[in-house]
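**Student:** Here it is: the structure, laid out below.
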Amino acid sequence: MLTMPDRSAKKILLIDDETELLNLLETVLIKEGFQNIHRATTGQKGIEICQIQKPDLIVLDIMLPDMDGFEVCQRLRKMTIAPILFLSAKGEDTDKILGLGIGGDDYITKPFSPKEVAYRIKAQFRRNQYIGMRDIETAITFGDIQIDEKRGEVRKADRLITLTAKEYQLLLFLAKHPNQIFSKGKLYESVWGEEYFGYDNTIMVHIRHLREKLEDNPSSPIYLLTIRGLGYKLNTKEEKA
């Protein structure tokens, strides 16, 4: 049976230029048990707060003074997979389709009741909790690293790790073929889908970045190993290179 996670521990980021609306939303959310609430009145400020606070959910207005919410959403999606709920004075289907298509998880049209927003937020957390419990047995785990393919998440010691799309795809490919050695050419063709001509350092750069994010000591990796003269492998036996 699902139980609602501790709401007070959930970080919520509200991005809207209407101070009165922010006050109303914050008041209602606090009454609903959410205590860790952050606010921004511009898109840029919201992006900066997201980088620092790592919110669990973001409420994002489309009409902002410095940039529209769609652009903000695209930039946020490069650093977080947290659910994004759009707020908009526009009710056109094209805007809803665009918002959901670029990474939004819900779309609420103004005017609305702040309680409706709170209910939508709680629904997102319930849904994500269910997905997490349902998929836990299908996650790929080695050492303190866990890859949840269905959610596109990578965690180290239960801490979410932010990867670029290609870093994630490269790691996932290696994780699906543990302890197997792959040449740079084979990795490039498998992950990038293009013929490898051997004149760039793309694979080396991505492996280095993955080590910096996943290894306790990137200069002495235990997971992403270089096999001299042959290529790379993802080691699941925790033997040092």
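**Student:** What is the residue count in the range 125-162 for residues that are out of contact with any strand residue (DSSP E or B) (no Cβ under 6 Å at 6 or more places or on another chain), under 24 Å from ARG75 (Cβ atoms) and at pLDDT 80 or above?
**Tutor:** Total meeting the criteria: 7.
**Student:** Could you list, in sequence order, the residues of the range 17-68 that are of a type in the set (S, T, N, Q) and buried (at least 21 other Cβ atoms within 10 Å of the Cβ)? Reasoning before the result, please.
**Tutor:** Filtering the range 17-68 down to residues of a type in the set (S, T, N, Q) leaves 19, 23, 27, 35-36, 41-42, 44, 51, 53.
Within the range 17-68, no residue meets the criteria.
**Student:** List the residue pairs whose Cβ atoms are under 8 Å apart, where the first residue sits in the range 18-37 and is under 17 Å from PRO111 (Cα atoms), the second is of a type in the set (Lys, Arg), and the two are 6 or more positions apart or on different chains.
**Tutor:** Close Cβ pairs (under 8 Å, with a partner that is of a type in the set (Lys, Arg)) amount to LEU22/ARG39; GLU26/ARG39; VAL28/LYS115.
**Student:** Output the residues belonging to the range 82-102 that are among the aliphatic types (A, V, I, L, M) and in contact with a strand residue (DSSP E or B) (Cβ under 6 Å, 6 or more places away or on another chain).
**Tutor:** Passing the criteria: ALA82, ILE84, LEU85, LEU87.
**Student:** Collect the residues in the range 58-84 that are under 16 Å from LEU14 (Cβ atoms) and hydrophobic (A, V, I, L, M, F, W, C), keeping them in residue-number order.
**Tutor:** Scanning the range 58-84 gives ILE58, VAL59, LEU60, ILE62, MET63, LEU64, VAL72, CYS73, LEU76, ALA82, ILE84.
**Student:** Just wondering, is there one or more residues in the range 85-95 that are buried (at least 16 other Cβ atoms within 10 Å of the Cβ), hydrophobic (A, V, I, L, M, F, W, C) and farther than 11 Å from ILE15 by Cβ?
**Tutor:** Keep residues of the range 85-95 that are buried (at least 16 other Cβ atoms within 10 Å of the Cβ), which gives 85-88, 95.
Now restrict to residues that are hydrophobic (A, V, I, L, M, F, W, C): 85-87.
If we keep only those that are farther than 11 Å from ILE15 by Cβ as well, we get none.
No, the range 85-95 contains no residue that is buried (at least 16 other Cβ atoms within 10 Å of the Cβ), hydrophobic (A, V, I, L, M, F, W, C) and farther than 11 Å from ILE15 by Cβ.
**Student:** What residue, among those in the range 153-198 that are without any contact (Cβ under 8 Å) to a residue 24 or more places away in the chain and assigned to a helix (DSSP H, G or I), is farthest from the chain's Cα centre (by Cα)?
**Tutor:** This residue is GLY185.
**Student:** Right, something else. All but one of (1) aliphatic (A, V, I, L, M); (2) surrounded by 13 or more Cβ atoms within 10 Å (Cβ to Cβ); (3) under 19 Å from THR80 (Cα atoms) hold for ALA9, so report the exception by its number.
**Tutor:** (2)
**Student:** Looking at GLY43, is it modelled with pLDDT of 95 or more, small (Gly, Ala, Ser) and either more than 18 Å from LEU160 (Cα to Cα) or not assigned by TED's automatic domain parsing to the domain that holds PRO114 (or both)?
**Tutor:** Taking the combined requirement at face value, the residue satisfies it.
The values are calculated or read from the model by the stated rules, or taken from the named source; none is laboratory data. This is a predicted model, so every value here is computed, not measured. Positions of Cβ are generated from backbone atoms using ideal geometry, with glycine treated the same way; all protein chains shown enter the neighbour counts.
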